[in-house]
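Take a look at the structure below.
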């Protein structure tokens, strides 16, 4: 889905007055498109970082799970032959 077609909804947040003043100053000097866009970008970045942390934690836990590791080994073994064949077909870079 393209970003310009994402449904949006207005929300009200409380921000410290000095921060809001800085954002408004940045917007009026055209250093940011708008206060709203700066807040949106900051929240998107914040949420993405939280999701990355959750993913890293899940991968660290999986790395300690013997069943998960066995599955990885099984999958790798299943593709060993195909990988070797592809490598022979590609030759050297």
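All of the numbers you see were taken from the coordinates with simple rules; none came from a lab. As the structure is a computational prediction, the values presented were derived from the model and not from experiment. Cβ atoms come from the backbone with ideal geometry, glycine included; neighbour counts cover every protein chain shown.
Sorted from fewest to most neighbouring beta carbons within 10 Å, what does the list 59, 89 look like?
Ordered by Cβ neighbours within 10 Å, fewest first: 89, 59.
Assuming a viscosity of 0.890 mPa s and a temperature of 25 °C, what translational diffusion coefficient in µm² per second does Stokes-Einstein assign to the chain, Rh being the Kirkwood radius over Cα pairs?
132 µm²/s
Mind checking which of 52, 81, 70 has the largest fluctuation in a GNM of the chain, springs on alpha carbons under 10 Å?
81
Using a 10 Å cut-off on Cβ atoms, rank the peptides 34-47, 11-24 from the highest mean neighbour count down.
Descending mean neighbour count gives 34-47, 11-24.
Could you check which residue among 71, 54, 83 shows the biggest mean-square fluctuation in a GNM of the chain with a 10 Å Cα cutoff?
83
For the residue pair residue 50 and residue 25, what label-to-label distance in nm results when each label sits 7 Å from Cα along the Cα-to-beta-carbon direction?
About 2.9 nm separates the two model spin labels.
Label region 1-43 by shape, choosing from rounded, prolate and oblate, from the square roots a ≥ b ≥ c of the eigenvalues of the Cα gyration tensor; if a/c is under 1.5 it is rounded, and otherwise prolate applies when a/b is larger than b/c, oblate when it is not.
oblate
Where does helix 17-28 land angle-wise versus the long Cα axis of the chain, in degrees 0 to 90, nearest 10?
90 degrees
Against the longest alpha carbon principal axis of the chain, how many degrees, from 0 to 90 and to the nearest 10, is the axis of helix 66-90 turned?
For helix 66-90, the angle is close to 80 degrees.
Pairing the Cα long axis of helix 35-62 with the longest principal axis of the chain, what angle in degrees results, from 0 to 90 and rounded to the nearest 10?
With both axes taken from Cα atoms, the answer is about 30 degrees.
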